[in-house]
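Computed from the coordinates by the stated procedures, all read-outs in this text should not be read as laboratory data. Small disclaimer: the values here were computed from a predicted structure and weren't measured. In this analysis, Cβ positions are derived from the backbone assuming ideal geometry, glycine residues included, and neighbour counts consider all displayed protein chains.
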Amino acid sequence: MKIVCRCEDLTEEDIVNAIRKYDMRTLSELRQILRLGMGPCQGRTCLPIAARILARETGQKIEDVMPPASRPPVVPVEIGVVGEDEE
Amino acid sequence: MKSEADVVIVGAGINGCALAYELSKRGKDVVVVDRRHIAAGATGRCGAGIRQQWSTKENALLAKKSVEIFEGLEEELGHPIGFRQGGYLIAIHDEEDMKQARKNVEMQKSIGLPVRIIDREEIKEIVPILDPDGMKAIAATFCPTDGHADPFKTANAYALAAIRNGATFYKFTEVRGIKVENREVREVITDKGSIKTKFVVDAAGAWSSRIAEMAGIKIPNKPVRKEALVTEPLPRIFDAMVISFRHGIYFSQMARGEILGGIPSPEEKIGYHFEPTWSFLKKMAYMLGRYAPILKGTNILRQWTGFYDVTPDALPVLGEDKNVRGFIHCHGFSGHGFMIAPMTARLLAQLITGEKLDLPIERLSLERFEKGTVKEKSVVG
């Protein structure tokens, strides 16, 4: 068993099965269905590995596997810190 | 690519997927075309809420009938959709709000919704982390049968069930033109080939006006960038969605414990703007801190943008075009397309197959904008 996404506890097998079941071509689809990369690390560990699996499974080149949109903040930040001096 | 179909649906969001299912269930040969993948647009970016508390009867009825379908949908489709009913709590800030709330509640009760006005004490009983002073709330309305579903799972569940019934999905396929002859739809032209059809459905969300233009139809919809954020997961605290029409805020705790919400961005503008803004993050964090001070120590994990496909009255445009036969309008959901999709899809499937409709949709026709219409007031986000 090979763990790919530690935050969301996803294995290589989970990813391969989802790609086949939903006929996926993008990391964005994997993110929606499996929540890959949506945990506290925001995909910093798992996305490159998942991209390689996706490229292999779908016959795409690794550089053609579209990276999902990067979403700020880059690191988690507290609500009270961001919203402090409003008004 | 198939060269012919009974119906071609443009857009694989929740409405396109749900309609594909309803039509395929009725034996129609359906094709769904999307520039990207399932739920890649507004569906996959939405707040996941399902609300029946609307100010117009059209929206309230569509939402109520949709909840009735949501309640049995997992079983019907054979796939999980994450549906749960924790209610919607809507803040009332002053006497003016109270007047509108009383009016809304009266109409909502007349169609059978279990909605009621609650006091500040009950606000805290239903959502213990709320601070009625910070909210500046004098009361609230609450409907316990409102709730949530998982937009990704629901759209995919509809799509998988449609495919099982024989529907075909062409993802990463772009519509380039719609051939109309003698004011009738003939063919949909894509970058992968052309499909002959008598019906084309415009379910393209924020891009619906571009699709309509291909058939020579002008619609008044405008794409408006909306933003949302999500926090780290917390232990289960509350089940309701909290919203305020005055402040525009909405937030709730999702199935896995994270708080998800949005508020109108100070830099809100019309057009295809995809960039998340710092001013949204700041405003949302500030307002969350006021509504639920205990959340001030909670981490924000990410923010993102999506589009409302907004019409002048914030009501959707549904039905066949009056000038182009076979062109079906299914757009203009103005921020609540997800929650009314099950009933919308059923009604449009009935329209296309010539069945009797469960609800009248004439008041949602494109022509209403020529006569003037009553604006939906209960809008957030």
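Quick one: putting +1 on the C-beta of Lys and Arg, -1 on the C-beta of Asp and Glu, what dipole do you get for the range B:139-212 around its Cα centre, in Debye to the nearest 20?
Charge dipole, the range B:139-212, about its Cα centre: 320 debye, nearest 20.
Tell me, which longest segment in chain B has none of the GluC sites (Glu not before Pro) that fall in DSSP loops with at most 14 further Cβ atoms within 10 Å?
It runs B:1-173.
If the viscosity is 0.692 mPa s and the temperature 37 °C, what Stokes-Einstein diffusion coefficient in µm²/s follows for the range B:281-347 when Rh is the Kirkwood radius over Cα pairs?
Diffusion coefficient, whole number: 216 µm²/s.
Where the only charges are on Cβ atoms (+1 Lys, Arg; -1 Asp, Glu), what is the dipole of chain B about its Cα centre, to the nearest 20 debye?
Computed charge dipole of chain B: roughly 560 debye.
Over the whole of B:33-40, what's the average partner chain Cβ count within 10 Å per residue? Rounded to a whole number, please.
3
Please identify the longest segment of chain B free of exposed chymotrypsin sites (Phe, Trp or Tyr not before Pro), where exposed means a DSSP state other than H, G, I, E or B and no more than 12 other Cβ atoms within 10 Å.
Longest stretch, sites excluded: B:1-271.
Starting from the Kirkwood Rh over alpha-carbon pairs, what translational D in µm² s⁻¹ does chain A have by Stokes-Einstein at 37 °C and 0.692 mPa s?
Here the translational diffusion coefficient equals 236 µm²/s.
Determine the percent antiparallel among the DSSP beta bridges restricted to chain B, to the nearest 5.
Within chain B, antiparallel bridges account for around 70 percent of the total.
Residues of B:265-272, mean number of Cβ from any other protein chain within 10 Å of their own Cβ, rounded to a whole number?
0
Magnitude of the Cβ-charge dipole of the range A:3-82, K/R +1 and D/E -1, about the Cα centre, nearest 20 debye?
I would put it at about 120 debye.
I need the phi-derived Karplus couplings for the range B:246-255: 6.51 cos²θ - 1.76 cosθ + 1.60, θ = phi - 60°, integer Hz, Gly and Pro marked x.
Values, residue by residue: 5, 8, x, 7, 9, 7, 7, 9, 7, 4 Hz.
Dividing the alpha-carbon Rg of chain B by 2.2 N^0.38 Å yields what?
My calculation over the Cα atoms of chain B gives 0.97.
Cross-link list B:LYS269/B:LYS375; B:LYS124/B:LYS296; B:LYS103/B:LYS136; B:LYS109/B:LYS218; B:LYS99/B:LYS136; B:LYS136/B:LYS296: which exceed 25 angstrom alpha carbon to alpha carbon?
Cα-Cα > 25 Å for B:LYS109/B:LYS218; rest within.
Give me a single rounded figure for A:68-75: the average over its residues of other chain Cβ atoms within 10 Å of their Cβ.
Mean partner shielding for this stretch: 5.
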